[in-house]
1. State all residues of region 730-752 that are under 21 Å from Thr784 (Cβ atoms) and of a type outside the set (Lys, Arg); if no residue qualifies, say none.
2. If the requirement is being among the aromatic types (Phe, Trp, Tyr), at pLDDT 95 or above and under 17 Å from Gln770 (Cα atoms), which of these qualifies: Phe86, Phe82?
3. Starting from region 146-171, take each residue that is in the same structural domain as Lys117 (by TED's automatic domain parsing) and among the polar types (S, T, N, Q) and list its partners that are in a helix (DSSP H, G or I) and modelled with pLDDT under 95, counting only C-beta distances under 9 angstrom and pairs at least six apart or across chains.
4. Which residues, counting only those in region 292-317, are more than 13 Å from Gly236 (Cβ to Cβ), among the aliphatic types (A, V, I, L, M) and modelled with pLDDT under 95?
5. Could you tell me which of the residues Pro841, Pro810, Pro821 is part of a loop (DSSP other than H, G, I, E, B), in contact with a strand residue (DSSP E or B) (Cβ under 6 Å, 6 or more places away or on another chain) and assigned by TED's automatic domain parsing to the domain that holds Ser598?
6. Given Ala341, Ala353, Ala270, Ala298, which one is assigned to a loop (DSSP other than H, G, I, E, B), in contact (Cβ under 8 Å) with a residue 24 or more places away in the chain, of a type in the set (A, V, I, L, M, F, W, C) and surrounded by 14 or more Cβ atoms within 10 Å (Cβ to Cβ)?
7. What residue, among those in region 307-338 that are of a type in the set (Lys, Arg) and within 32 Å of the chain's Cα centre (by Cα), is surrounded by the fewest Cβ atoms within 10 Å (Cβ to Cβ)?
8. Only one of Met413, Met466 is within 25 Å of Val221 (Cβ to Cβ) and crowded, with 24+ Cβ neighbours inside 10 Å; which?
Amino acid sequence: MFIVNVNGKDYQSETDMTLMDFLRDKLRITSVKNGCKEGACGTCTVIVDGKTVRACVQRLSKLEGKKIQTIEGFTEREKEVFAYAFAAAGAVQCGFCIPGMVICGKCLIDQNPDPTKDDVKQAIRTNICRCTGYDKIEEGILLAAKMLRENLVVPEIEPTANIGERTCRVDAVPKTLGTAMYADDYYFEGMLYGKNVFSKYAHAKVLSINIDNALKMPGVVAVYTAKDIPGNRYIGHLAKDWPGMIAIGEETKCIGDTLAMVVAETKEQAEAAVKAVEVEYEVLEPIRNPKEAAAPGAHAIHGEGFMQFGKFRIPENNLFDHEEVKRGDAEAALAGSKYVAEGTFTVPPTEHAFMEPETAIGVPDEDGIKVITGGQGIYDEYHEISEYLGLPLEKVRIQSAVVGGGFGGKEDMSVQHQAALCAYLTKRPVKVSFSRQESINYHPKRHAMELYFKIGCDENGILQGMKARITSDTGAYASLGGPVLQRACTHAGGPYNYQNVDIEGNAYYTNNPPAGAFRGFGVTQSCAAVECLINELAEKTGLSGWEIRYRNAIRPGQSLPNGQIADEGTGMAETLEAVKEDFEKYEADPNYYVGIASAMKNAGLGVGVPDTGRCNLKIKDGKVYVRSSAGAIGQGIQTVLFQMVCGTTGLNQNLVIVEHPDTKYTPDSGTTTASRQTVFAGEAARLSSLQLKADLDKGLTLADLEGKEYVGEFDFKSDPIGSTKPNPVSHIAYGYATQLYILDKEGKVVKIVAAHDVGRLINPLSAIGQVEGGAAMALGYGLTEDFPLKDGVPQVKLGTLGLFKSTQMPPVEAHFIEKNPSEVAYGAKGLGEIVCVMGAPALQNAYYKKDGEFRYKFPLENTYYRKPKAVK
């Protein structure tokens, strides 16, 4: 018997367990989050006898006689202060890390009521945030300290939320206090737990699967294998190439392949039974990279073929996708160029490291199934789970919980289909969760690529033409490998005015973990190569990196390298003008080295793919319910929709409620990807709001309109990649940006200056948070984050990924350019992805200025952050 005191009350447990499991599973305390269970992330932080500790590594047997505090044990005054301070500061994005940050802030303030910013950085230094870049969290803690110290009244949140206002996020308060419900926070009567039996090898033939001993284990209800899947065993948004489970006699394709699903009464029983499943393998040689994939005689990873867009395909030489963007005569343009820069760059796979590992709960729903999920597109899951279970769509319902980060890594299904399967077959609710390491092994990464670029300019630095060859490792399964390669190719020319390009890209299957969507979506990779060469051309022509970009910057009416005519809302040159003073100041100061890079990033799927945003307004009980399936993964789309409705109708914000995505009543607005939801769902919200406003302008009240629904839908027709039109329209809009990364003499990044053409700022508070969070990711991509593999198996844990911490983050100065006259979404452009695109090449440029070494491999080696390895 173990007795522990939590929030002033004694509780007892018959068995010893981790404090986190006791708090979450026994006491149902939701503010303590399971981010890794390795003591590495800080999402489970609690206060024990006045000190912050990780609940996941503390056992009850060590805590008797100690006092444990969670947010649930704060005074009402403390809850109100922290909730307001974090909301007002813009500290909350996905929110999964925030309760742990609040605990760190509370503990600091208790010890030091008047902390400095450095004090706060130190207090949260071991807590990871993947969304914010930490600055706004630090501001939130400092504001809370001031309010508590000076006994300030907690202000009322303003009653309006117009377009362009610093609006607090609609979900900031529950996320701050830990009451927001993520998938793992849901419990149901009689709920079971499902666990995957994963392959031990990236490539092996499965000779047998013996489940007999597992079935005899205590609490085990069922063990399912491939033969138990009632519908289509193969899943995938675009290519149906990913088997839900590998069958006996088949070959595994990656370490994340599932061989069986164990279902038991408790998590512990399920985990024990997984170890009792006996699998006999014939271990085979894996394909480790695209070069091996294309080699003569290489084994065919998908020799059995797969379905894509309704057609059956068998890839030749493991080539999954080929893309081309060709305009003008690149060879002649390069031959006639005064200066040419060329090189082959390599970029690694990257782990998303969203703070919430994957969880889903399947719940029987009469003779159908409901799934509570934490993904990026409920309608993708809706269709795929219907196929997986062999159920008609009307028997499937997908309901989104609050989502703890995504960045593209939650576009593919992971646990959703298995939770649905287990619940459907057992006729009981089943929760399926990944451990942090299972998440790392399973979900698709940012694509590793090898990028050869050659670009030329004339004697005045005016770009003439480019040739590029891009080789992408899409891993074991397609995921979004095709669209990512498309975007790498369509954006390879950069945000400049020249038309001679010869760009080809190939994506190969390998036995590595799959690669798919990740913030930047292919542009992060191609930008990392071309912008380095633009800086090399600047040096060859005697121009500064700023000047060569300004001379070539795309301007309204000119043609981009992909052929699209830049519209009047194009603000690329203005982003350069915004950073000019800082660039020249640091360029002239011998104590600093300033790196520069520019980029463009599309909004919307584009390239001829159907692309529709939807948002309906339902009048119910005198309030407006905003309904869209647009996935809220921390980027703030629900607040954007809120502002669209309030700003368009003029309604008081207390009358507007944004609902969570649910296929039962929210319309399909597509996946949260491609920086599209602010534009597409946002415009749909504007259109439905205009209909409501028309009725309100007639003098009707919400009471008069009870039960009425206003339907908002917006789509945009674009031209496919490879279009023969003189000037194809690839995407509805592009955002443009220029960023500076400044090093000191030691090589430490001391400041970032970021100028972004956002079209129209919907919410400045969210926008600055996006820029700061993107900069943190860019620093990791350029300097510290790697993802080493051995025979297809990741050789990293969360704590060794190289994620940037609060004490490493430099200040970020943001400038926003607003010049888009378009009515669509009030002129807003997507901002979520471009923010992390330019950091890697800007850092490469800064380090080249420091030490003269032109680096072709990322993350950069021999820097302040990655010292040279000692020779033994």
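1. Once the filter is applied, which keeps residues that are under 21 Å from Thr784 (Cβ atoms) and of a type outside the set (Lys, Arg), region 730-752 yields Gln739, Leu740, Tyr741, Ile742, Leu743, Asp744, Glu746, Gly747, Val749, Val750, Ile752.
2. Phe86
3. What qualifies is Thr160/Gln653; Thr167/Gln653.
4. Ile314
5. Step by step, each of Pro841, Pro810, Pro821 is checked, and only Pro810 is part of a loop (DSSP other than H, G, I, E, B), in contact with a strand residue (DSSP E or B) (Cβ under 6 Å, 6 or more places away or on another chain) and assigned by TED's automatic domain parsing to the domain that holds Ser598.
6. Details: Ala341 fails: assigned to a loop (DSSP other than H, G, I, E, B); Ala270 fails: assigned to a loop (DSSP other than H, G, I, E, B); Ala298 fails: in contact (Cβ under 8 Å) with a residue 24 or more places away in the chain.
Checking each option against the conditions leaves just Ala353.
7. Result: Lys311.
8. Met413
The values are calculated or read from the model by the stated rules, or taken from the named source; none is laboratory data. Small disclaimer: the values here were computed from a predicted structure and weren't measured. Glycine gets a Cβ as well: all are built from the backbone with ideal geometry, and neighbour counts include every protein chain shown.
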